[in-house]
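Report on the structure given below.
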Amino acid sequence: MCYDLRVCQSRGLSGGFLQINGSLSLWMALCCLVIHLLLLFTLSSAQNDFFTSIGHMSDLLSTEKTLIASLKDYIRAEENKLEQIKEWADRVDALSAAASQDPEGFLGHPVNAFKLMRRLNKEWAELGNFVLTDVSGAFISNLTIQRQHFPNDDDQNGAAEALMRLLDTYQLDTETISTGRLPGSSPDSSVHSVLTVDDCFDLGKVAYAKADYYQSELWMVQALKQMDEGETAKTADAVTILDYLSYSVYQQGAVVRAFHFTKRLLELDPTHQRANGNLKYFEDVLGKRMKVKERRRGKAEGGRREGRPVDHLLERDKYEELCRGEGLKMTPRRQSRLFCRYYDNNRHPKYVIGPVKQEDEWDRPRIVRYHDIVSDREMEKVKELAKPRLRRATVHDHQTGQLTTAHYRVSKSAWIGAFEHPLVDRINQRIEDITGLDLSTAEELQVANYGVGGQYEPHFDFVRKDEPDAFKELGTGNRIATWLLYMSDVSAGGATVFTDVGAAIVPKKGTAVFWYNLHPSGEGDYSTRHAACPVLVGNKWVSNKWIHERGQEFRRRCGLRETD
């Protein structure tokens, strides 16, 4: 027990804080506080001779009563703080228990992934500040050490942008994302998280900072809706939300709606200086408009926007349509020419007795899918080899010829050489046997894992004429063909789409798709422009092999040329 005033002060009690380390520490801290108060009281009594006068002593009863009331308020405050910490710990512990059953499946739900980024980047730090003077030094030390491994603001913002990308691409609404009931997700509410008012507010702020006022409006409206329904917020408040919201809709040209949001803000806070100034400005703008123009605009602005303002490229629209399963469809006549078959690559010795299953996915460019190419055990081994070295995926900068990261490719990848494990060598040999192409000049096996909302926007695998230096260092010529192996199923999203021709290839675990990037003349086949759609729900693993020109003969091989 603490009897030394200096010891009590060293534990933070002179500042009015308790050291929380279980019930024993709480009891000891309370004893220190009482002794601290008694010592102060004793010093005061010695100076004023309270014992010599009952009158004076009766005054002390009133003082003690005040001190006891203050002490009880202090205890209640600490108990309330402990209860808040316990509730938060229980909630996170329940999430952790659910996630531990299937970590990748749990994080395959984008809301879970976003919430994890937010917890580790923001909430744990807030918790540390909340209990900084009350928790044991070991906890603070451990938190300080572990924080260097936590996500940062860029991670949290990246996860936020992913949720916005999913909303755009798959034409979802904020309510669907906020409740976690995404297409393809489990109906069991215990395996996914929901977005709180504060979460929605944070998403709106991320969009606002990027001047994406359309998304900022959507998320601020969602935050306000949940608040109006009775949900409490820790950091957001209606005035701040309305402040962001009014400016976001104004930036989209919706002056009437900005005016109404500002009026609502001023009903809550009549002294808000900026809102008062904005309201007068909006009144002046509206007052200068012709009545007929005002009626037309008022009708157009009467409700929420139906969709994002038209500022996207046509290819982007096509890409998003295909990701949703829309867009161009193959005619029945063309469809009738696609077949499934057992394929032995012109009686290759390895496949005469056990041919592989080959399926036509598209005719021009010709895209084929091979089924049951690798086993589950082989795929798990490839993932195991890749995981320790996964890094942010890169792309070729056509100006410098160097590899660089890009915002339009959201995934991590690793390169694995054939010499690193016999399995990789066997997979390479399998690709060579099936395609009939020489893999001696091919790039190493690239393994990729897509993150929350992971995608790769439309691109070519081959080098165009305006990119002469892209593969110059390799000295192996252009990428003649692509082999793409799907190592996981994806619950929703994640398709490989070919934007020029309207093809959409759905990931199927254990299958591989193959196509040529070059015509027999060596010219690039521009119809092979393709993209990886954002993963809506699930965990997408792929590995690909880019096969180069050097060592190949420019002739039709394996019946896979589009001229057949």
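Miscellaneous remarks
- A single entry from 564, 500 fulfils the requirement of being assigned to a loop (DSSP other than H, G, I, E, B) and either modelled with pLDDT of 95 or more or within 34 Å of the chain's Cα centre (by Cα) (or both): 500.
- Being more than 26 Å from the chain's Cα centre (by Cα) and among the charged types (D, E, K, R) holds for only one residue in 457, 444, and it is 444.
- Taking residues in the range 423-442 that are touching a residue at least 12 places away in the same chain (Cβ under 8 Å), and partners anywhere that are small (Gly, Ala, Ser) and open to solvent by 10 Å² or more (accessible area, probe 1.4 Å), the pairs with Cβ atoms closer than 7 Å and at least 6 places apart or on different chains are 424/418; 428/418; 438/551; 440/551; 441/551.
- Boolean, residue 165 is modelled with pLDDT under 95 and either open to solvent by 60 Å² or more (accessible area, probe 1.4 Å) or over 17 Å from residue 534 (Cβ atoms) (or both): no
- Test result for residue 468, at pLDDT below 90 and either among the charged types (D, E, K, R) or open to solvent by 10 Å² or more (accessible area, probe 1.4 Å) (or both): yes
- In the range 360-374, the residues that are within 19 Å of residue 436 (Cα to Cα) and among the hydrophobic types (A, V, I, L, M, F, W, C): 367, 368, 373, 374
- Residues of the range 424-441 classified as open to solvent by less than 30 Å² (accessible area, probe 1.4 Å) and in contact with a Gly (Cβ under 9 Å, 6 or more places away or on another chain), total: 4
- Scan of the range 444-458 for residues that are part of a loop (DSSP other than H, G, I, E, B), modelled with pLDDT under 95 and at negative phi, ordered by number: 451, 452, 454, 455
- Output for the range 346-359, where each listed residue is out of contact with any strand residue (DSSP E or B) (no Cβ under 8 Å at 6 or more places or on another chain) and under 10 Å from residue 434 (Cβ atoms): 348, 350
- Residues of the range 376-390 satisfying the condition of being in a loop (DSSP other than H, G, I, E, B) and open to solvent by 50 Å² or more (accessible area, probe 1.4 Å): none
- Among residues of the range 486-506, those that are open to solvent by less than 10 Å² (accessible area, probe 1.4 Å), closer than 30 Å to residue 331 by Cβ and out of contact with any Leu (no Cβ under 9 Å at 6 or more places or on another chain), counted: 1
- Scan of the range 153-209 for residues that are outside any helix (DSSP H, G or I), closer than 19 Å to residue 321 by Cα and aliphatic (A, V, I, L, M), ordered by number: 172, 182
- Single condition residue 234 does not satisfy, out of (1) modelled with pLDDT under 95; (2) open to solvent by less than 20 Å² (accessible area, probe 1.4 Å); (3) touching a helix residue (DSSP H, G or I) at 6+ places or on another chain (Cβ under 7 Å): (2)
- Any chance residue 461 is assigned to a loop (DSSP other than H, G, I, E, B), open to solvent by 30 Å² or more (accessible area, probe 1.4 Å) and charged (D, E, K, R): no
- Residue pairs meeting the criteria (Cβ under 7 Å; at least 6 apart or on separate chains; first over 22 Å from residue 345 (Cβ atoms), in the range 368-394; second open to solvent by 90 Å² or more (accessible area, probe 1.4 Å) and outside any helix (DSSP H, G or I)): 390/412; 391/412; 392/412; 393/412; 394/403
The values are calculated or read from the model by the stated rules, or taken from the named source; none is laboratory data. Computed from a prediction, not measured in an experiment: that's the story for all the values here. Neighbour counts are summed over all protein chains in view; Cβ atoms, including those assigned to glycine, are modelled from backbone coordinates with ideal geometry. Heads up: the accessible areas ignore ligands, DNA and RNA and are worked out on the full protein's heavy atoms, side chains in. Shrake-Rupley method; radii C 1.70, N 1.55, O 1.52, S 1.80 Å.
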